[in-house]
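First up is the structure itself, then whatever we jot down about it.
The values are calculated or read from the model by the stated rules, or taken from the named source; none is laboratory data. These numbers come from a predicted model, not from an experiment. Here Cβ is always computed from backbone atoms with ideal geometry, including for glycine, and neighbour counts include all displayed protein chains.
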Amino acid sequence: MWRPETLCASHPDPWKGAELARSRPRPATIVSVANQKGGVAKTTSVASLGAAFAELGKRVLLVDLDAQACLTFSLGVDPDAVEGSINEVLLGRASVADVRVECEDGVDLVPSVIDLAGAEAQLLPRPGREYILRGVLEEVRADYDVILLDCSPSLGVLTLNALTASQGLVIPMPCEMLSHRGVGQLLDTVADVKKILNKDLAVWGILPTLFDGRSNHAQEVLADVGDRYGLPVLEPPIPKTVRFAEAPAVGRSILATSRTSKGAKAYRDVATALVRKL
Ligand SMILES: Nc1ncnc2c1ncn2[C@@H]1O[C@H](COP(=O)(O)OP(=O)(O)OP(=O)(O)O)[C@@H](O)[C@H]1O
Ligand SMILES: [Mg+2]
């Protein structure tokens, strides 16, 4: 390739600059996994997509934003034994780098603890309370390709923090009629967040979960859901299988405990489809 022999010191080498920009990893894409309805497979999706992104060679951070600490438990971390948690981070007493733990699934985790419920109350009177998570994640964004946020089943201040910090939102939704309830309210909240707090937030899509392919009803719900909300439906749907109940008991995701199961394959396929957005 032709290169100029001499370059003026005050004008940096444009070729070198372009090479550096290519080799320097982009800061992580932050993705909320949220639905204020309980038990829709938010935590299962964060653990499984996280492991799938790690298998694809991505550097992954998972953040447990739920005082139930289910993600923390399910990745084999005892919330009572950790040095610190998201609680201290949000209250400004520790940094993400201080409290993150390496998990066997090839991902890092910011654990949660039951005190998080108290932290939420302490955040409420603070000015700019919705921006706190965005600020603390900024410090580690360069260390990762993707940061997945496991939200609690509420639209409280922690979920608003997650949506304010994120570029993407994945909405897990079981393929049952009543599961639709609440999605409209979540999308209203997303519209407000985009208007007021974070214009960069994009809904990546609805992730159909707990899908029973033999049920006509589940098929009908799947066919209807995208049109109803005008949103992309991520594919393939995640099948309902008992393997998901077994995985957290050994502190690993289904991708490790049941490598070839249909559920593991479905999450790998969803992650492969999403990886180009990172
Ligand atoms: N595809 C699946 N097949 C069968 N069981 C599943 C599947 N996905 C999740 N589950 C089970 O459903 C239950 C709820 O899942 P999970 O905890 O991931 O939901 P959640 O939305 O995070 O719940 P919460 O709102 O309480 O945080 C768990 O017992 C989990 O093992
Ligand atoms: Mg959960």
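Brief remarks on what is shown
- Filter result (part of a loop (DSSP other than H, G, I, E, B) and either farther than 16 Å from Val31 by Cα or in contact with a Phe, Trp or Tyr (Cβ under 6 Å, 6 or more places away or on another chain) (or both)) within the range 198-224: Leu210, Asp212, Gly213, Arg214, Ser215
- Flag for Lys195 being part of a loop (DSSP other than H, G, I, E, B), farther than 17 Å from Thr44 by Cβ and either away from ligand 2 (no atom under 16 Å from the Cβ) or free of Cβ contacts under 8 Å to residues at least 40 places away in the same chain (or both): no
- Neighbours by Cβ (under 6 Å, 6+ apart or cross-chain): first from the range 40-53, in contact (Cβ under 8 Å) with a residue 60 or more places away in the chain and small (Gly, Ala, Ser); second assigned to a helix (DSSP H, G or I) and near ligand 2 (Cβ under 10 Å from one of its atoms): Ala47/Ser74
- For the range 244-257, the set of residues classified as more than 12 Å from ligand 1 (Cβ to nearest atom) and either closer than 17 Å to Val203 by Cα or part of a helix (DSSP H, G or I) (or both) consists of Val250, Leu255, Ala256, listed by residue number.
- Put simply, of Tyr131, Tyr144 the only residue that is buried (at least 18 other Cβ atoms within 10 Å of the Cβ), among the aromatic types (Phe, Trp, Tyr) and more than 16 Å from ligand 1 (Cβ to nearest atom) is Tyr144.
- All conditions but one from (1) part of a helix (DSSP H, G or I); (2) away from ligand 1 (no atom under 16 Å from the Cβ); (3) at pLDDT below 95; (4) farther than 13 Å from Gly92 by Cα apply to Ala117; the one that does not is (2).
- Unique match (being of a type in the set (S, T, N, Q), part of a loop (DSSP other than H, G, I, E, B) and away from ligand 1 (no atom under 15 Å from the Cβ)) among Thr260, Thr272, Thr241: Thr260
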